[in-house]
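All remarks here apply to the structure that follows.
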Amino acid sequence: MKNIDCTACKIIPNTKFVIFESDYWIISLASDQHWLGRSYVTSKKHVEGLSELSASSWSGLKVVIECYEKKLKQVFGARLFNWSCLMNDAYSKAPYGPTHVHWHVRPRYENSILFSGIEFKDQEFGKHYRTRWNGREDFVIPESAMLELQKMLTIAGSE
């Protein structure tokens, strides 16, 4: 069920850099790639809180977590994963908009990664990450690099 006022419900059908999709979840690469492989894992069903997820959604999420972390370890040597489900933006100003369960995934790397001619260095490995780097919010890489990243991280199969 979609909520016509929900930003995520509007974005999901038009998501560009999808790397996995199942009956319950969709993984898409974030435009901000400070953390190589940074992505969103979004519930395909409009649910506004974790307590609303079905048992099937939870078991499906477990599969998503296992598959995505394994892929990032194999492809780039990710060492640590930060999963956050904050949903604060829906409450940043009144009138409050509907939330939509989604996770921000930030793979963390102990060593620098050279990908598509770009160096990715996790300057705060093992510490809490900062969302701002050198005054910039996002680290957007060229579309060709995003397409290459999408190809490398696509997970075959479904839940």
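The values are calculated or read from the model by the stated rules, or taken from the named source; none is laboratory data. For clarity, every value in this text was computed on a predicted model and none was experimentally measured. Because the Cβ atoms are built from the backbone with ideal geometry, glycine has one as well, and the counts that use them run over all protein chains shown. Just so you know, the surface numbers come from the protein's heavy atoms only, side chains and all, with ligands and any DNA or RNA stripped out. Shrake-Rupley method; radii C 1.70, N 1.55, O 1.52, S 1.80 Å.
Pairs of alpha carbons in segment 1-136 separated by more than 23 Å make up 37% of all such pairs.
Ligands, DNA and RNA aside, Arg130 has an accessible area near 110 Å² when probed at 1.4 Å. Accessible surface for the chain, divided over its residues, is 58 Å² per residue with a 1.4 Å probe.
Checking every one of the GluC sites (Glu not before Pro) in segment 38-70 against DSSP loop status and a limit of 16 other Cβ atoms within 10 Å picks out Glu48.
Label segment 56-152 by shape, choosing from rounded, prolate and oblate, from the square roots a ≥ b ≥ c of the eigenvalues of the Cα gyration tensor; if a/c is under 1.5 it is rounded, and otherwise prolate applies when a/b is larger than b/c, oblate when it is not. Could the numbers behind the result be given before it?
Values: a/c = 1.75, a/b = 1.27, b/c = 1.37.
It is oblate, given that a/c is not under 1.5 and a/b is not larger than b/c.
Go ahead and estimate [θ] at 222 nm for the chain from helices alone: -39,500 (n - 2.57) per DSSP H run with n ≥ 4, summed, over the residue count, rounded to 500. Mind dumping the intermediate values first?
On the way: 3 runs with 38 residues, N = 159.
Mean residue ellipticity, 222 nm, calculated: -7500 deg cm²/dmol.
Full extension of the chain between Glu110 and Lys62 yields a length gain of 14.8 nm, computed as 0.36 nm times the residue separation minus the alpha carbon distance. Remark on segment 1-75: hydrodynamic radius 13.2 angstrom, per the Kirkwood mean of 1/r across alpha carbon pairs.
Rounded to whole Å and ordered largest first, report the semi-axes of the equivalent ellipsoid of segment 1-42 derived from its Cα gyration tensor (root of 5λ). The partial results should precede the final answer.
Numbers: eigenvalues 80, 29, 12 Å².
Value: 20, 12, 8 Å, ordered largest first.
For Lys127, a cut-off of 28 angstrom between C-alpha atoms picks up these lysines, skipping any fewer than 8 places away in its own chain: Lys62, Lys70, Lys71, Lys73. How much of the accessible area of the chain, in percent, comes from carbon and sulfur atoms when a 1.4 Å probe is used? Here carbon and sulfur together make up 51 percent of the probe-accessible area.
So if a site counts as exposed when it's one of the chymotrypsin sites (Phe, Trp or Tyr not before Pro), its DSSP state isn't H, G, I, E or B, and it has at most 14 other Cβ atoms within 10 Å, what's the longest stretch of the chain without one? The longest such stretch corresponds to 1-95. Using the Cα gyration tensor of segment 41-105, with a ≥ b ≥ c the square roots of its eigenvalues, what is the shape: rounded (a/c below 1.5), prolate (a/b larger than b/c) or oblate (neither)? Note, shape of segment 41-105 comes out oblate. Computed over the chain, relative contact order equals 31 percent, with contacts defined as Cα pairs under 8 Å that lie 6+ residues apart. Spatially, segment 61-121 and segment 1-16 are offset by 19 Å when compared through their Cα centroids.
Bridgeable aspartates and glutamates around Lys151 (alpha carbons under 20 Å apart, same-chain partners fewer than 8 residues away excluded): Glu21, Asp32, Glu66, Glu69, Glu119, Glu143, Glu159.
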